[in-house]
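S.K.: What follows is a structure written as structure tokens; I'll ask about it next.
Please treat every number below as a calculation from the coordinates, not as lab data. Here the structure is a predicted model, which means the values were calculated and not measured. Ideal geometry is used to build each Cβ from the backbone, glycine not excepted, and the neighbour counts take in all protein chains shown.
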Amino acid sequence: MREAYEGTTSDQKLIETILGVSAKSQFCYGDGSMESMDEVSCNSIVKVPENKNFGRPIRAWGSVDLESLKLEEENIARVVPGRILALRFFPTNDMKMIVVGNKFGNVGFWNVDSNMEDGNGIYLYRPHSGPVSGIVIQPFSLSKMFTCCYDGIIRLMDVEKEAFDLVYSSDYAIFSLSQRQNDIKSLYFGEGQGGLSIWDERTGKSSNSWNLHEDRINTVDFNSENNNIMATSSTDGSVCIWDLRNIAANRPKFLKMVSHKRAVHSAYFSPSGSCLATTSIDDKVGLLSGPNYEDISMIYHYNQTGRWISSFRGIWGWDDSYIFIGNMKRGVDVVSVAQRKNVTTLESPHMSAIPCRFDAHPYKVGMLAGATSGGQVYVWTSC
């Protein structure tokens, strides 16, 4: 980590914070003894469901009052230079830490509650030589984080070792990165022109690969209720749902395919796994629902961001009610699943740029982060 650090102040505080929270997480959940967790948030009880495979909390589940979401000036920071492509909250209830990756190969950390630290809680590294396209944080070992890049590299940031270790190298660009909740030893990533590969941490090698699309895979996501069900979005204009148990090496067959008229930049399952939201540059947000995702709605949303702004990717909040997506007027549009339309827009005079990429805090209902092409991060809260 030292070799990649580009900050002007010491990063020792960041290392100590992550190691402390990681140790606490392993103490609480490492033996799988905790069945569930209740959190008091904004005067409501938020239930955190149990991971069926580990007996540990996955993420919070709860409804949010859209009118309560506010953007305070202290919840804005420029975390990295240039365009942000990837954004993640650390999956813990013990700190509000955001990590982002940009087009220059930087990975930046922002400890939102540590404005009194040197550097306002912001720490900048450059472990990659090209655009950072994906971030995966180990949910039960917070001191480990994977990042991937267009340069064909996957690195493991191991805070205990204070290093960004090279774990995978390819001649092809890596465009997306994901992990199944019941298989934390494997990484799934979109590689080259439509390929999907699996890297096994136990062997340190790629264990499987398939050609699933005719063009790059922009996102890979797994159903929370059945981790064998996977969704991929592609620049070839399609979204496909797959069953990992039934993908043949030479002739992969999807369970479901939905076509957009232009490139699809994201496809994410809802928190319950019963819906799938897609975002395409054809100015549509797709919504798939029903037992076999047979009910398909295409909702108009202007998605023409141009070449200087990261493409929009609609994400789910903390239940299956709403999809959050940026707009070109420096706001956050909220699409209602029930009404199949945009029902409101989150706006603030503090918004000086267009939010493109988002993440909902997995344990704090009502905490939404949006990132811009200028390196800024905005954090909306409901309290």
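S.K.: With each pseudo-label sitting 7 Å past Cα toward Cβ, what's the Lys24-Asp65 distance in nm, one decimal?
M.R.: With each label point 7 Å from Cα toward Cβ, the separation is 2.8 nm.
S.K.: Quick check: net charge around Gly273, other residues with Cβ under 11 Å of its Cβ, Lys/Arg +1 and Asp/Glu -1?
M.R.: Numbers: positive: none; negative: Asp221, Glu225, Asp320.
That works out to -3.
S.K.: Over segment 12-381, what is the relative contact order in whole percent, taking alpha-carbon pairs under 8 Å and six or more residues apart?
M.R.: Numbers: 1008 pairs, mean separation 50.8, N = 370.
Contact order relative to length: 14 percent.
S.K.: Now, a different point. What span do the alpha-carbon atoms of segment 12-381 cover on each of the three principal axes, reported in whole Å from largest to smallest?
M.R.: The Cα atoms of segment 12-381 stretch 54, 48, 43 Å along the principal axes, largest first.
S.K.: Further question: Students often get this wrong, so check it: of Lys24/Lys70; Lys96/Lys364; Lys13/Lys96; Lys13/Lys185; Lys261/Lys284; Lys103/Lys205, which have C-alpha atoms separated by over 19 Å?
M.R.: Values: Lys24/Lys70 30 Å; Lys96/Lys364 9 Å; Lys13/Lys96 15 Å; Lys13/Lys185 28 Å; Lys261/Lys284 9 Å; Lys103/Lys205 27 Å.
Cα-Cα > 19 Å for Lys24/Lys70; Lys13/Lys185; Lys103/Lys205; rest within.
S.K.: With +1 on the Cβ of every Lys and Arg and -1 on the Cβ of every Asp and Glu, and nothing else charged, how large is the dipole of the chain about its Cα centre, in debye rounded to the nearest 20? Numbers along the way, then the final one.
M.R.: Numbers: 37 positive and 43 negative charges, 179 e Å.
Dipole magnitude for the chain comes out near 860 debye.
S.K.: Separate question: Would you tally the net charge around Ser289, using a Cβ to Cβ cut-off of less than 13 Å, leaving Ser289 out, and scoring K and R as +1, D and E as -1? Don't jump to the answer; show the numbers that get you there.
M.R.: Values: positive: Lys256, Arg340; negative: Glu294, Asp295, Asp320.
Around Ser289, the surrounding residues sum to -1.
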